[in-house]
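Here's the structure, in structure tokens; my notes come after.
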Amino acid sequence: MINQPKQVVLFNNNDRTLNYVLIDKNNEVEFSYPIDIAYQNPDFNFDKKNNAVTFKNKDVVYTIYDNNDSIGITIITGGKTYNWIGNSTTKKGN
């Protein structure tokens, strides 16, 4: 469901592979990537100036941003751009 609260968790493995999990309102994993973890070149880009992490999953580009005004995820897929606005009071870590 698009308007249901969700939680995004990002973590990495030896500063090489970005992993992410989308957790639904029942604290169940709705989606995770990657499924298989293998040593590889870094598969994400951290933009320090804009405090954003960008990564791809097949043909979808995700940018997770955290700036003074807002936090959220921009998703580009199928020629369309979606902006999931986050709730900064739920942020943990940096």
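The values are calculated or read from the model by the stated rules, or taken from the named source; none is laboratory data. As the structure is a computational prediction, the values presented were derived from the model and not from experiment. Every residue, glycine among them, receives a Cβ derived from its backbone with ideal geometry; neighbour counts consider all protein chains shown. The accessibility values were calculated without ligands, DNA or RNA, using every heavy atom of the protein model including side chains. Shrake-Rupley method; radii C 1.70, N 1.55, O 1.52, S 1.80 Å.
Here are a few things to note about the model shown:
- Tally, over the range 71-85, of residues that are under 18 Å from LYS6 (Cβ atoms) and either touching a Lys or Arg at 6+ places or on another chain (Cβ under 7 Å) or of a type in the set (A, V, I, L, M, F, W, C) (or both): 5
- ASN12 meets all of the listed conditions (1) at pLDDT 75 or above; (2) open to solvent by 70 Å² or more (accessible area, probe 1.4 Å); (3) under 19 Å from GLY93 (Cα atoms) but one, namely (1).
- Cβ-Cβ distances below 7 Å connect the following pairs, each with a first residue in the range 62-79 that is closer than 21 Å to VAL21 by Cα, a second residue that is surrounded by fewer than 18 Cβ atoms within 10 Å (Cβ to Cβ) and of a type in the set (D, E, K, R), and a separation of six or more residues or different chains: ILE71/LYS91; THR77/ASP59.
- Filtered residue count, the range 39-54, keeping only those that are modelled with pLDDT of 85 or more and either more than 18 Å from ASN12 (Cα to Cα) or of a type outside the set (D, E, K, R) (or both): 6
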